[in-house]
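See structure below.
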Amino acid sequence: MIKDQFSMSSFRLDGRVALVTGAGQGLGASISIAYAKAGASVVLLGRTESYLQETADFIRQDGGEASVIVCDVTDDQKLRSSIGGLSRLDILVNNAGTNFPEPFLDVSDDHLDTMLNLNVRACFVAAQSAVQVMLRSADLDEKGACVVNMSSQMGHVGSPNRTVYCMTKHAIEGLTKAMAVELADKNIRVNSIGPTFSETPMVKRIVDTPEKKEFVTSRIPMGRLAKLEDVAAAAVYLASPAASMVTGTHLLVDGGWTAQ
């Protein structure tokens with residue numbers, strides 16, 4: 001019976017090793033902290049050592065386990081060697097990404113290449129490298145492993161001034177589904193999370209006037225930006241045993257944006 005099988009321990013990550021990219025600030029830092037609170041040993045990967053150390057110190061002071069890898073995810077060789085050097089990996093959160101909102105006709109080659117390399121190519125390389133480690137180190141028969149790709153509500157809709165960003169996030173949705181199908185028989189689950197505009201440094205850079213914030217919140221039926229903990233909670237669920245039958249899907253944390 002379900003009353004005999006279900007407990008809140010199903011949402012714990014004890015004994016698991018989780019790698020989070022873009023972990024120094026924003027969603028990456030919040031997810032790292034949430035994973036540590038749920039019992040995981042967290043590996044924080046990102047470009048800026050000071051941000052990573054600050055997050056790692058917070059986790060350790062709170063009684064959790066954290067280590068740091070300084071790496072630009074667009075450096076394929078370093079990313080592969082950094083992830084490949086891990087002795088164990090159960091969870092990957094592909095969080096690193098960026099956006100340069102601008103009209104379609106004004107998109108520069110530099111912005112196009114930067115977003116494609118960071119939002120798509122680096123995500124693929126990180127996932128490929130992580131799965132190779134999972135296959136040789138994780139307890140796949142008993143608990144399995146998982147990849148959580150940080151997508152966006154823009155992976156399901158279009159929006160003005162976000163053609164490249166929408167393109168990259170739609171690509172991540174395709175990658176998520178294809179990986180999920182191919183890796184299911186190895187007990188590696190792959191899902192994505194689609195936040196709406198959240199209280200992150202990137203969003204604060206983009207939504208930088210009262211007018212822009214009013215436009216954004218007017219499109220969210222719940223009438224507010226997502227909190228970091230809203231998205232982190234979704235990431236904990238998808239990585240936990242509670243989601244053991246969930247793969248190839250997209251968990252929207254969008255306050256109803258895409259329901260309209």
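The values are calculated or read from the model by the stated rules, or taken from the named source; none is laboratory data. All figures in this text were calculated on a predicted structure; none of them were measured in a lab. Reconstructed Cβ throughout: ideal geometry from the backbone, glycine too, with neighbour counts over all protein chains shown.
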Given the conditions (1) surrounded by 19 or more Cβ atoms within 10 Å (Cβ to Cβ); (2) small (Gly, Ala, Ser); (3) under 14 Å from the mean Cα position of the chain (by Cα), which single one is not true for residue 233? (1)
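Of 236, 246, 231, 190, which residue is modelled with pLDDT of 95 or more, in contact with a strand residue (DSSP E or B) (Cβ under 9 Å, 6 or more places away or on another chain) and farther than 17 Å from residue 176 by Cα?
On the way: 236 fails: in contact with a strand residue (DSSP E or B) (Cβ under 9 Å, 6 or more places away or on another chain); 246 fails: farther than 17 Å from residue 176 by Cα; 190 fails: farther than 17 Å from residue 176 by Cα.
Just one listed residue meets the conditions, 231.
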Report whether or not residue 154 is without any contact (Cβ under 8 Å) to a residue 60 or more places away in the chain, out of contact with any Gly (no Cβ under 6 Å at 6 or more places or on another chain) and of a type in the set (A, V, I, L, M). yes
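Inspect segment 199-213 for any residue being farther than 26 Å from residue 134 by Cα, in a helix (DSSP H, G or I) and touching a Gly at 6+ places or on another chain (Cβ under 6 Å) and give the result as yes or no. If you could, list the steps in order and put the result at the bottom.
Restricting attention to segment 199-213, the residues satisfying the condition of being farther than 26 Å from residue 134 by Cα are 199-213.
Filter once more, keeping what is in a helix (DSSP H, G or I): 201-206, 210-213.
From what is left, the residues that are touching a Gly at 6+ places or on another chain (Cβ under 6 Å) are 201.
Scanning segment 199-213 turns up at least one residue that is farther than 26 Å from residue 134 by Cα, in a helix (DSSP H, G or I) and touching a Gly at 6+ places or on another chain (Cβ under 6 Å).
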Filter segment 16-39 for residues that are free of Cβ contacts under 8 Å to residues at least 60 places away in the same chain and within 15 Å of residue 241 (Cα to Cα) and give the result. 39
Within the set of pairs 6 or more residues apart or between chains, which connect a residue that is over 25 Å from residue 10 (Cα atoms) and free of Cβ contacts under 8 Å to residues at least 40 places away in the same chain inside segment 241-260 to a residue that is aromatic (Phe, Trp, Tyr) and crowded, with 16+ Cβ neighbours inside 10 Å with Cβ atoms less than 6 Å apart? none
Looking only at segment 116-146, which residues are in contact with a strand residue (DSSP E or B) (Cβ under 7 Å, 6 or more places away or on another chain) and not aliphatic (A, V, I, L, M)? 123, 144, 146
Looking only at segment 207-216, decide whether some residue is surrounded by 16 or more Cβ atoms within 10 Å (Cβ to Cβ) and within 16 Å of the chain's Cα centre (by Cα). no
